[in-house]
Amino acid sequence: MDGRLLVFSGNANEALAREIATNLRIGLGRALVGQFKNGETRVKLQDNVRGCDVFVVQPTCSPVDHHLMELLLLIDALRRASAARVTAVIPYYGYAKQEKKTSGREPISAKLVANLIRTAGADRVLTMDLHAPAIEGFFDIPVDHLQAAQQLADYIRSLNLPNPVVVSPDTGGVGRANRFRERIGAGLAIIAKQRPEPDVAEVLEMVGDVEGKTAIIVDDMISTGGTLVEAAQALLDRGARSVYACATHGVFASDAVPIIGRSDLVETIVTNTIPQTGNLTEARIRTISVAPLFAEAIMRIHKDLSLSALFS
Ligand code: R5P
């Protein structure tokens, strides 16, 4: 691959795209990404991309459908303008929680989104902490799947928390929490949760000793904040000394930020895969940048170098 390296962005997270480009020591590619008066998304590339190796940075965060459409149209425009290769950089993959049918007569939305991205013309995908790793297999093109665990663990280690125990807030996250525990050298506790209805979380049971310990809840995303706040309360009820939380994606739907602010969580750490608008400081939410990691991955893909070192 000897085409020039270019990075374009939609409107989903231009700050992250800009930071990635700065890390790569290039400017962002110029494109008009807006709307026609009838509400349809409008895209026009303003740079020549012929023969270039192009990366489009666009997390499909809220408004999800709108950002997804921008991504699809950017990819289509790049293809039609003769880019040599197009990589969809999707730091947060929306629709990931709909990766299987939970009852009859439902779509598998995460698979449909993968089909759309491929049909638009993406040659590869670069993403981070997919809610369900199986989504990687929904694509018939290469997918590089980064993890933010190293960045989050480095921050937690820097706090020198006494007697730490890593907590998975549901049984589906045990593998993730266990790998995190190994990184920071801590114990493990597991919560069994149920969802009586969509977006409502209830703690059923907990396995592991948390009494007198500093609990660190590790999750892939925080959406309504229900899982987190319920888990934090259950941990304090069982004698945890204090509770922290780490998650890659700060979706923060609805009133999640004030809900977290009113909780007893000491600090909640997320990355900048999704841009934030709420008052994070008041809610004791800290953001860690994953731009250097994405920039390194993009450089390695561009130069056909191995990415294995970035997955450890
Ligand atoms: C669930 O399986 C995920 O790992 C998260 O725990 C969940 O998405 C968080 O959602 P909420 O913040 O709405 O409880």
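The values are calculated or read from the model by the stated rules, or taken from the named source; none is laboratory data. This one's a predicted model, so the numbers in the text were calculated from it and none came from an experiment. FYI the Cβ positions are ideal-geometry reconstructions off the backbone, even for glycines, and counts take in every protein chain you see. When the accessible area is computed, the model is the full protein with side chains, heavy atoms only, and any ligands, DNA or RNA have been set aside. Shrake-Rupley method; radii C 1.70, N 1.55, O 1.52, S 1.80 Å.
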Using alpha-carbon positions, the gyration tensor of the range 1-58 gives root eigenvalues a ≥ b ≥ c; with a/c under 1.5 called rounded, otherwise prolate if a/b exceeds b/c, else oblate, the class is oblate
Going residue by residue through the range 143-152, the Karplus relation 6.51 cos²θ - 1.76 cosθ + 1.60 with θ = phi - 60° gives ³J(HN,Hα) values, rounded to whole Hz and with x marking Gly or Pro, of 10, 9, 10, 7, 10, 8, 4, 4, 5, 5
Amide H proximity to Ile217 below 5 Å, modelled H, separation 5+ or other chain, gives Val167, Tyr244, Ala245, Cys246
Magnitude of the Cβ-charge dipole (Lys and Arg +1, Asp and Glu -1) of the chain about the Cα centre, nearest 20 debye, reported as 800
In Å, the C-alpha Rg and Dmax of the range 46-103 are 13.7, 47
In Å², rounded to a whole number, the accessible area per residue of the chain with probe 1.4 Å is 45
Computed over the chain: longest principal axis from alpha-carbon atoms vs helix 174-184 long axis, angle to nearest 10 degrees, is 80
For Lys97, the aspartates and glutamates lying under 15 Å Cα to Cα, once residues fewer than eight places off in the same chain are dropped, come out as Asp65, Glu106, Asp129, Glu136, Asp170, Glu197, Asp199, Asp219, Asp220
Counting Lys and Arg as +1 and Asp and Glu as -1 over every other residue whose Cβ sits under 10 Å from the Cβ of Val229, the net charge comes to -1
For the chain, inverting the pair-averaged 1/r of distinct alpha-carbon atoms gives a Kirkwood value in Å of 20.3
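Among the GluC sites (Glu not before Pro) within the range 152-259, which fall in a DSSP loop and have no more than 12 other Cβ atoms within 10 Å of their own Cβ?
Glu211
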Semi-axes (Å, rounded, descending) of the ellipsoid equivalent to the range 144-254 per its C-alpha gyration tensor are 20, 18, 12
Straight-line reach check, Lys100, cutoff 17 Å on alpha carbons, 8 or more apart in-chain or any other chain, hits among lysines -> Lys111
Counting only DSSP loop positions in the range 1-102, the chymotrypsin sites (Phe, Trp or Tyr not before Pro) whose Cβ has at most 15 other Cβ atoms within 10 Å are Phe36
Excluding ligands, DNA and RNA, the carbon-plus-sulfur percentage of the accessible area of the chain with a 1.4 Å probe reads 48
Cα gyration tensor of the range 185-235 diagonalised, 5x eigenvalues square-rooted, in angstrom largest first, produces semi-axes 20, 12, 9
To the nearest 20 debye, the range 149-288 has a Cα-centred charge dipole, built from +1 on Lys and Arg Cβ and -1 on Asp and Glu Cβ, of 480
Quick note, the range 113-187: a/c under 1.5 would make it rounded; otherwise a/b > b/c is prolate and the rest oblate (a ≥ b ≥ c, C-alpha gyration tensor); here it is prolate
